[in-house]
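Before any comments, here is the structure.
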Amino acid sequence: MVLYSASDITAAGADPSSAALLHGTPASRGIAFGRITFLKREAAPAPKRQVADAAAEQERFEKARTAAIAQLGQLYGASLEKLGEQNAVVFQIHQMMLDDPDYVQQINALIADEQCNAEYAVETVARRFAEIFEHMDNDYMRGRAADVMDVSRRVISILQLEQGVASPHQIKKYGDEPLILATDDLAPSETVQLDKDQVVGILTSAGSTRSHTVIFARTMGIPAVICMGDPLNESLEGAFVIVDGASGQVYVDPDEALIKSFKERKRNEDALRARLELFRGKETRTLSGRQIHLYANIGSADDIELVKAADAEGVGLFRSEYIYLQAKDFPSEEEQFQIYRDAARDLEGRKLIIRTLDIGADKTADYFMLKHEENPAMGMRAVRICLSRPEIFKTQLRALLRASVYGNLAIMFPMITAVDEVKSCLEKLDECRAELKAAGIPYKDDLEVGIMIETPAAALISDELAPLVDFFSIGTNDLTQFTLAVDRQNAEVGRFLNPYHHAVKKLIRMTVENAHQAGIWAGVCGELAADEGFTHELISLGVDEISVAPSSVLMLRARIATLA
Ligand code: PEP
Ligand code: MG
């Protein structure tokens, strides 16, 4: 293929291949072979929302408009060679539409006059324009009605992605061939809806290694390379590639020799995994015999099979917000009860720690109608939403309590920052217990209740929090973000997001010490837990439990077995 500039293509290292090589940031390990398919988004309907700050909303529109113009420029460049000037010109027409002063002015005016959200304003003005075009005598101008809707949908879907709202999307298939999904960026809600049997790899031009999208890809065992930049463009649609999720390299149109060498590597990795089988069915112990509980992180009840296949002792973190992200409306108590009950039952006595709803920040579903926030990671999220909308919280808590009789279930509250917050969560739990008792519905009285320590505040007052709960689980992803004031979603500051920072380690140590002082256990469920190079230090810090993606369980058990 001759679709890249010379700087995008380097020889494939020592591999005797003529394949074009693209680079990105390694995000989820593994090797995948498949055909690239670009995610085609259609904007979801854009309901009207009131906004407090119309100027900020106009700024959102301006950013999305600029991003759409840049995307169209890329598409023009890529299509020029592939489809010729005559066809590529449509993308230039789309760019001109987005620059049309009348279109831009009407959208800004609507936002200001009606104090409404940008998505709604773009859709409304686009319809106005489309209607005018449709009623023109000229055939060519009538054809522009579809264009103005198309280009406006592009802007709306950028706005929605920025809010974490998944747009309805299409994925082109290539017979039964495995697919490598390519896109600018993926919302966590889009990632969880991927069909794992079909999509075997993920490539994104943007992204961040600590984002939920990447965490979900790891949990699902899908190799991923992110931050690939402009070389990942739609001219690659349909290309056969090899994705190396460990090195961040993507080989386009590899020849037979390269395919053979990667198949060999995959076989070697499988053989390594086979050697890890020696650790199956064993407890996780250091050389000195100290036991560490080794659990798995999951997002959906479907992952229980992975937990068992991985031989984890149980589930250390069930991110229950997956259930909400996959739903079109609030999941009912009964729906949730069935999911938690089945998970608890299928784990056959193994521990199942379910984290209550951690929605907000990058994880949003539009039916929550969350307001646009300048800084959502530090805004209305997790227990802040749950405590201010108790009907949502209590629906989940009742479902969890009811499911508790079917297995070894524990509840964990996320994003804690204060003693009163924990007390309020526990009060809500008590209210649910009382309601169930009054209705004669059984629940387990002695179920364990813990909290996540993922804010510096929680770590610093962990001595006050420990007497209130049965365990701590340290979320190093958020703990690092908030301790170092580095946005985990922002790739540009990714190099400052250092989970090994002395400050983070100090907070981990303090949390573990305070837990032990109060006689409770402390674990780690952030991504740092799966970092083999850091396992020794985590264990020295005194952690009792480690919870990681299922694919890392046996590897960590083997690693721990070598530590003093
Ligand atoms: C964390 O913050 O470390 C964590 C485990 O939670 P999440 O990644 O879902 O925010
Ligand atoms: Mg977190």
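The values are calculated or read from the model by the stated rules, or taken from the named source; none is laboratory data. Every value quoted in this text rests on a predicted model; they were computed, and no experiment measured them. For neighbour counting, all protein chains shown are included, and Cβ atoms are generated from backbone atoms with ideal geometry for every residue, glycine included. Note: accessible area is taken over every heavy atom of the protein model, side chains too, but ligands, DNA and RNA are not part of it. Shrake-Rupley method; radii C 1.70, N 1.55, O 1.52, S 1.80 Å.
Things to note:
- Among residues of region 209-252, those that are within 16 Å of ligand 2 (Cβ to nearest atom), assigned to a loop (DSSP other than H, G, I, E, B) and aliphatic (A, V, I, L, M), counted: 0
- Only listed residue being in contact with a Cys (Cβ under 7 Å, 6 or more places away or on another chain), away from ligand 2 (no atom under 16 Å from the Cβ), open to solvent by 20 Å² or more (accessible area, probe 1.4 Å) and assigned by TED's automatic domain parsing to the domain that holds E545, chosen from A438, A491: A491
- Contacts under 7 angstrom Cβ, first residue in region 382-398 being closer than 15 Å to V422 by Cα, partner aromatic (F, W, Y), 6 or more apart: V383/F413; C386/F393; L387/F393
- Filter result for the condition that a residue is part of a loop (DSSP other than H, G, I, E, B), among the aliphatic types (A, V, I, L, M), more than 26 Å from E305 (Cα to Cα) and touching a residue at least 24 places away in the same chain (Cβ under 8 Å), over V543, V504: V543
- Among the residues of region 40-95, just one is surrounded by fewer than 17 Cβ atoms within 10 Å (Cβ to Cβ), at pLDDT 85 or above, touching a helix residue (DSSP H, G or I) at 6+ places or on another chain (Cβ under 6 Å) and assigned to a helix (DSSP H, G or I), namely Q92.
- Looking at L352, L370, L325, L347, just one residue is crowded, with 24+ Cβ neighbours inside 10 Å and away from ligand 2 (no atom under 16 Å from the Cβ), and that residue is L352.
- Any hit, region 430-442, residues being in contact with a Lys or Arg (Cβ under 8 Å, 6 or more places away or on another chain) and either assigned to a loop (DSSP other than H, G, I, E, B) or modelled with pLDDT under 95 (or both): yes
The rows are residues; the columns are (1) assigned to a helix (DSSP H, G or I); (2) out of contact with any Cys (no Cβ under 9 Å at 6 or more places or on another chain).
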{"residue": "P254", "(1), (2)": "no, yes"}
{"residue": "I259", "(1), (2)": "yes, yes"}
{"residue": "E283", "(1), (2)": "no, yes"}
{"residue": "D302", "(1), (2)": "yes, yes"}
{"residue": "K308", "(1), (2)": "yes, yes"}
{"residue": "G316", "(1), (2)": "no, no"}
{"residue": "E335", "(1), (2)": "yes, yes"}
{"residue": "A343", "(1), (2)": "yes, yes"}
{"residue": "L352", "(1), (2)": "no, yes"}
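- Any chance T480 is in contact (Cβ under 8 Å) with a residue 24 or more places away in the chain, assigned to a loop (DSSP other than H, G, I, E, B) and within 16 Å of ligand 2 (Cβ to nearest atom): no
- Here region 130-152 is the region considered, the condition is being modelled with pLDDT of 85 or more and more than 19 Å from A112 (Cβ to Cβ), and the residue that is surrounded by the most Cβ atoms within 10 Å (Cβ to Cβ) is V151.
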